[in-house]
Amino acid sequence: MSDPLEIDVITIFPGMLRGFLEESMLGRAAASGLAVFRTIDLRDFTEDVHRTTDDRPYGGGPGMVMKPEPLFKAVESVRRPESRVVLMTPQGEPFGQRRAESLSRERHLIFVCGHYEGVDERVRESLVTDEISIGDYVLTNGALAAAVVVDAVVRLVPGVLGGEGATEDESFSEGLLEYPQYTRPASFRGMDVPGILKSGNHAEVDRWRREQAAERTRSRRPDLITKRTEESKDDEGG
Ligand code: JBH
């Protein structure tokens, strides 16, 4: 079996992540040796009695800034030449399926979870290799954001989803929204499953699904169509 994907998450809230990493798909990935998760308590790398990890910004203003010394020490305690050091920050590149795929091919990821207001600029300049945002809304800290990225990445590690074979068929890897799905019963409170899905005609079912996915994407997420067109141009170009 290939080497596991190792993931270290540096945070002042290790407890927020522990349960999450033990459950469901992530728990199974760890149990089967495909991934290794470690949470690192940033406070263990402080040296003062108050275990201080943040301080007031130079120049004044609201909010607190994460101090550089504990972050450097924590990262350096686990970093290897091949490690990617990912800072979760609202100023990062918007997270998407492409980045999830590229991170899933790495051997070692170190997530740095900061405050919403930010981390000392020297951390970004000389410690971090990737800056990622999970979206334009305010979370108080990056631990939850890191958990989102870890989930999206680890499920793509070969073997983690077992024989489900879900990945290639998934809407986002194709750049479209999912088509409507139904399961039993065929009739529920007067609402019937579309006849075509029960027809047994696979070619017709495929065509219906493609049309539905395209129409849904057009009406709800036209931005995805634009993005998809641009990406297929990129592929032709290089
Ligand atoms: C990162 O991904 C960002 N989106 C929203 N809030 C955040 C808070 C801390 C780190 C984020």
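Restricting attention to the range 110-139, and to residues there that are more than 7 Å from the ligand (Cβ to nearest atom) and hydroxyl-bearing (Ser, Thr, Tyr), which single residue is surrounded by the fewest Cβ atoms within 10 Å (Cβ to Cβ)?
Checking each candidate, the answer is SER126.
For the structure I just gave you, tell me whether SER126 is closer than 27 Å to PRO62 by Cβ and at pLDDT 95 or above.
On the way: closer than 27 Å to PRO62 by Cβ: yes; at pLDDT 95 or above: yes.
In short, yes.
Only one residue in LEU71, LEU87 is within 16 Å of the ligand (Cβ to nearest atom), over 21 Å from the mean Cα position of the chain (by Cα) and within 25 Å of VAL154 (Cα to Cα), so which one is that? Give the derivation first.
Working: LEU87 fails: over 21 Å from the mean Cα position of the chain (by Cα).
Sole residue among the options that is within 16 Å of the ligand (Cβ to nearest atom), over 21 Å from the mean Cα position of the chain (by Cα) and within 25 Å of VAL154 (Cα to Cα): LEU71.
The values are calculated or read from the model by the stated rules, or taken from the named source; none is laboratory data. Quick caveat: nothing in here was measured; it's all calculated off a predicted structure. Heads up, the Cβs are rebuilt from the backbone with ideal geometry, glycines too, and the neighbour counts pull from every protein chain shown.
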